[in-house]
Structure formats: C-alpha cells, structure tokens
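*Asks:* Supplied in structure tokens, the structure appears directly below.
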Amino acid sequence: MPVEFIGKPIEVKLSEDAAPVPVAFRLGRKEYKVADVLQQWEDHAFGQAIRGHGDWRSGPQRIYYRLRTTEGEVYEVYVEWLATRRQGRRRQEKSKWFAHRRIS
C-alpha cells in the first residue's frame, strides 16, 4: 500500500503514564485504538522562533508518533505545541494534534 498523506486535525486519547503516549485517536468519524507505539521523535526545527526570543526552544515544536492500530494499520501522528513554560512544565493546553500520514 502506498503512503497516504492525511494532514488533518485529530482528537487523541493519551495514556495516564508519567510520559503519556496516544492510546486512541479519532480521524473523521472513525476511532482507532493504538496497539503499539512503534517510534517517537521530536522536531524542533520546523518552526520559527518567537520574535524577541531568538531561541529554537521558544518556537512551536512537534512530537511525532508512529502508531500501529489494533486493525494493523500504521499511522504517523504529531502534536504541535508552543514551547512556553509555566512553573517548569510545558503548557499542554496550547497543543494541537494532527494525523500526518498513513504508512500501511
């Protein structure tokens, strides 16, 4: 099966672990359950730094996940968040999730 670009916002349900990962996501009207997180990586280079800060940590950042669903399909999804800090923690309320592509 060829790679299919999706590029759409999704709703994601996260695990309750110390480092949460997706356990399910909704793309359109269909909900997918995650069987396995195959890979995870960060991209700090895609965005521009916020004006006046001049630091890559100040700009938007993405965390990508390659997920295998319970149906055997493989998707890449990512969360985009603004790297502001409040009391030493990332501000998760600024995050947005997207389905990047379906691999198989």
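*Asks:* Tally time: how many residues in the range 22-37 are exposed (fewer than 14 other Cβ atoms within 10 Å of the Cβ) and more than 17 Å from G7 (Cα to Cα)?
*Replies:* 2
Conditions (1) small (G, A, S); (2) surrounded by 14 or more Cβ atoms within 10 Å (Cβ to Cβ); (3) at pLDDT below 60, marked per residue:
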residue	(1), (2), (3)
D43	no, no, no
H53	no, no, yes
P60	no, yes, no
E71	no, no, no
R101	no, yes, no
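The values are calculated or read from the model by the stated rules, or taken from the named source; none is laboratory data. Every value quoted in this text rests on a predicted model; they were computed, and no experiment measured them. All Cβ positions, even for glycine, are placed from backbone atoms using ideal geometry, and neighbour counts span all protein chains on display.
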